[in-house]
Structures are given as C-alpha cells and as structure tokens.
Amino acid sequence: MLEEQPQFVGHALTRSERRDWRFVLMAVGLGLLLLGLLLPIYGHRISAAVTTFSEGSEVSLDFPTLISGQHYAQTNDPVNETLKDVALTVEPVEDHGRSLLGWLFAVLGSGELSLHLGFVVYVMTAIAAWVVVGLLLLSAWRRAKGLRAGLIPAATNLSLLTILAVVLSWQHQFDYAWTLFQKAPVELSPGIGFWLMLVGAASMAVACLGLRDETRKDIINWWALVFAVGLLIWLLICFRPYPYYEIWRFVSDGILVTLRIVLVSFAFILVVSLLGGLGRISSNRVIRWLASLYVEVIRGIPLLVQLLFIWFALPQVFDGIGALFGAISPNLAGVEEWFADLRLDPFAAAVLGLTICYGAYGSEIFRAGISSIHHGQMEAARSLGMSYVQAMRYVILPQAVRVILPPIGNEFVALLKDSTLVSVLAVSDLTRRGREYMARTFLSFDTWILVALCYLVLKLFSSRVVESIETKSSFK
C-alpha cells in the first residue's frame, strides 16, 4: 500500500491551495485570538474578601492586583469550625487593564509574579499558540517549499492548550472557587475577549488537526502523558487548595532532595559500573574474581538491607577498624579516634547505598555491552599499534555505548523509584516528607495521591528523556 503524499509540502502553494478551508479557518482563528487578547476579558475584580467561620473566626485578605489565596483561606477551616460566609469587595477595572494582555502587564509590574505565575503561563500559552500557528500559516503562503510540516504538531498542541488556558485564566479571577463566582456572577462573568479567544483557539485547533496528514510526526505523543499528569497536579492544587496546596508546599523541597540524590548517585553508579564491567572481562584473574564477587554478593542482598547496614551497622565496622589500629600500636591512637568519630550523614549514606547496589547491576550491563562487540574490533585496534586502554577508549566503548544506553536508561528510571527507600535513613526526600505530613494531619489518601503523582511525573519525564536519547543514538 502506497503511503499518501503530503498535499502542501515540497512546493510553493498555488492560489487555490492557499484558499483551502484549513488555511482560511486558521487565519480566522488567528484574527479572533488576537482580538480576544486585546479586548476585555473581565471588567471587574475581587479586591478584598472577609471569610467568617461558625465560631466567629475571621480571615481578611486584600488583593492589590488579582485574587490569590482566598480559596485556600475559606477551605482551611479552623479547629472545630466550619465555613459560614464570604463577603467580597468587587470593583471595576480601569480600561487599560481589562484585556488579557493588560492583565499580564499589570501582574508583571506588580511584583506579585510568584502569586500569579499560573495566570502568566496561561497568557503566554495563548501568545505562543498565536506565534506558532502564524508561522505555520506564513510558511504555507510565502515559503518556496510550501507548508512547514514540522510546525503542525506544536501548533496543534498549543491551540488545544490555549482553549484550556483561556478557561483557567478566567477562573483565576475568582481563585478557582465557584462559591466566590456565585457571590457576584454578573461582575465576574467573562467579557467578549474571552469568547473570541475560545472560538479563535478552537478554530486554529480544528485547522491544524485537519493538516495532520501533512506531517510524519505524531500530533500527540507520549510527552502528552507527562503534561497530563503535571496538569492533574496543578488542577488539584488550584481547585482543592486545602489540602493539596498545603501538601505541595510541605513536600516540594523533598522533590529537590530526591532529584539530588538520584543524579549524584547515578554519576557514581556509571563510574562503578564501568570499572566493574571492565573488571569482569579482565584477563587478570584476581581483578576478574574480585569484580565477580562484588557483583554476585551485592545482587544477592536487597537494597533496603544494604541501606540499613550502611546506616546502622557501618559505624560499628568503623569502630572495629579503629580498635584494630589501637591494638596494633599506641602511636595509632589518633587513627583509632578518627575511625571512632567517623560517621556518614544521611545524604552520603543514601548515595553510598544506591551506588553500591546499582553499581553491581550496572557492571553486568557494561560487561554485556562490551562483550557484544566482536573481538575482531580489539584485534584490529591492537594491530594498528593501539594499547589496550586506547583500543577500549577509542574503538570498543564508543560502539558499546549504543548497546548499553537502553538498559542503563532503564536502571536510571528504576533508581528514581527505588530512591524512596532512602527515607529510612532520615533523608528528607519526597517519600519521607509525605510520611511526615501524613503523621501530622492523618490525611493519608490526599497525601499519597499527590506524592504518587509527583513520582509519576518524574518517572514519565525521565523515561521520555531516555527514549529520546536512545532514538538519537540508534543506528540501522
């Protein structure tokens, strides 16, 4: 079956081709989106709110630019109290700030960027969609080779995202709380700019989807799953700030600790794996035996047991070594004291445990990758006058890397998931921070849902990066 050839790619488009319904709809969508960015999206804003609870507690908040934190305030009930009422102060917006672009400049100039970062992302998504779709349309009209097919996936995805971004930008006006919207539905209803942007973004999306046969790239690939899970986390935080926003603030520093442990450990794992793999194929029997012993013993002990040994038992090993030096000679009392005081901090113990364990598995991966290269390659390199080290560096390893990359990438993903075990070493990683929050609030379901989604995003993102590296390094 013959593959269908692109209609608008590879040649300058004729006048009739430029009038194709997809290009016309794309141009209409661009115009509507631009008008929507410039025309009012909403003309009123919430400038203050007073939240009262059943026992008389009050929370008063003022909002200099856009509302922020009110939804969290009214859902985070004081102890033994429930929400009673919310009193809003709604005021009209000056003419220059009623459009989405006007609001963007107001936020950027207010010094409140961190509070309204989501709103800025929404607006920038719409602007990016307008630019990319505009470039796609311009290539069809002006480019000598016709439509630039590589822009179609990006234009389609940005157009679809703009629909969501426009809706969320309006809901940002009342902090994603429908109870606030119901307090002033007329004032907080969207303006003409909102509807123009929705129609414009939908028109661009339909037009771009109609051009999907013009490109060989997937319109939506597995990167979309990474975005979908990240979006789910964002929506949970926005629409249910208590407890999800509170959980996020509590555990977010644990994400950085987890990434730091994984990246540092993986760097050491690569070194240990290379040395172990070379040792496994060494012609020296002692080196080969030691490397094999390391691989067999470490792979036979669970990672959790190794981590517990390093944290609890290794200090006793240090004490024993120090006592041995003290027994050998009184002059070595300083060495004995140094070993007695030697202790690993939680981060170092976690990195050491992960490196030792995954280094054993990585050694087998490197050994298999190097062994997969035909021995004639080494013989040819040595016949050219190369030493063993030179032949391994310039001939064998560069070829073996292509074989090693897929399994070593899988090891990185597994390392990311197994890093949860370092929480037993008092490392404040994502898992431990989740346990601490759950122990404090007893919100088991909410806590572990958010923690699981955070790990899922990290895993999906790293998997896509590994897959991309494999694709770029593969050969037919």
Item to check | Percent of Cα-Cα distances greater than 17 Å, calculated over the range 104-174 | outcome: 51
Next on the checklist: To the nearest 20 Debye, how big is the dipole of the range 1-100 about its Cα centre, given +1 on the beta carbon of each Lys and Arg and -1 on that of each Asp and Glu?
Outcome noted: 720
Checklist outcome for this item: In Å³ per residue, the alpha-carbon convex hull of the range 1-145 encloses 197
Checklist entry - Per Stokes-Einstein, at 37 °C and 0.692 mPa s, what whole-number D in µm² s⁻¹ belongs to the range 313-383, with the Kirkwood radius over Cα pairs as the hydrodynamic radius? => result 208
Checklist entry - Is it possible to state the helix-based mean residue ellipticity at 222 nm for the chain, with each DSSP H run of 4+ residues giving -39500 (n - 2.57), the sum divided by total residues, to the nearest 500 deg cm²/dmol? What is it? => result -21500 deg cm²/dmol
Checklist entry - Taking the alpha-carbon centroid of each part, what is the distance from the range 60-125 to the range 135-188 in angstrom? => result 21
Checklist entry - Rounded to whole Å and sorted largest first, what semi-axes of the equivalent ellipsoid does the C-alpha gyration tensor of the range 186-299 yield via the square root of 5 times each eigenvalue? => result 52, 26, 9
Item to check | Residues whose placed amide H lies under 5 Å from that of Ile220, excluding near-sequence neighbours | outcome: none
Checklist entry - Using modelled amide H (1.01 Å from N, peptide plane; none on Pro or chain starts), what sits under 5 Å from the amide H of Ile281, excluding residues fewer than 5 places away? => result none
Item to check | Amide H contacts of His44 (H built 1.01 Å from N, under 5 Å, at least 5 apart or other chain) | outcome: Val93
Next on the checklist: From Cα pairs below 8 angstrom and at least 6 apart in sequence, can you work out the relative contact order of the range 15-220, rounded to a whole percent?
Outcome noted: 34
Checklist entry - Considering the Cα trace of the chain, what is its radius of gyration and what is Dmax, both in angstroms? => result 30.2, 97
Item to check | Cut-off 15 Å (backbone N to label point 7 Å along Cα→Cβ of Lys84), residues of the range 17-54 | outcome: 50-54
Item to check | In Hz, Karplus ³J(HN,Hα) per residue of the range 104-119 (6.51, -1.76, 1.60; θ = phi - 60°; x = Gly, Pro) | outcome: 4, 5, 5, 5, 5, x, 8, x, 10, 4, 5, 6, 10, 4, x, 4
Next on the checklist: Explain nothing, just compute: Karplus ³J(HN,Hα) = 6.51 cos²θ - 1.76 cosθ + 1.60, θ = phi - 60°, for every residue of the range 127-144 in order, whole Hz, x for Gly and Pro.
Outcome noted: 5, 4, 4, 4, 5, 5, 5, x, 5, 5, 5, 5, 5, 5, 8, 10, 6, 5
Checklist outcome for this item: Going from the fewest other Cβ atoms within 10 Å to the most, one would list Cys208, Cys238 as Cys238, Cys208
Checklist outcome for this item: Relative contact order of the range 354-424 (C-alpha contacts under 8 Å, at least 6 apart) in percent is 43
Next on the checklist: Out of all Cα-Cα pairs in the range 252-473, roughly what percent, to the nearest whole number, are more than 24 Å apart?
Outcome noted: 56
Item to check | Exposure proxy ranking, count of Cβ atoms within 10 Å, fewest first, for His11, His71 | outcome: His11, His71
Checklist outcome for this item: Along the range 302-316, Karplus-curve 3J(HN,Hα) (6.51, -1.76, 1.60; θ = phi - 60°) to the nearest Hz, with x for Gly and Pro, reads x, 4, 4, 5, 4, 5, 5, 5, 4, 7, 9, 9, 4, x, 5
Next on the checklist: Compute the helix-to-body angle for 397-418: its Cα long axis versus the longest principal axis of the chain, expressed 0 to 90° and rounded to tens.
Outcome noted: 70
Item to check | Bins of 10 Å from zero: percent of alpha-carbon pairs in the range 261-341 | outcome: 16, 27, 32, 24, 1
Checklist entry - So for Lys183, Lys84, Lys472, fewest C-beta neighbours within 10 Å to most, what's the order? => result Lys472, Lys84, Lys183
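Read the figures in this text as sums done on the coordinates, not as results from a lab. None of these values were measured; they are calculated from a predicted model. Heads up, the Cβs are rebuilt from the backbone with ideal geometry, glycines too, and the neighbour counts pull from every protein chain shown.
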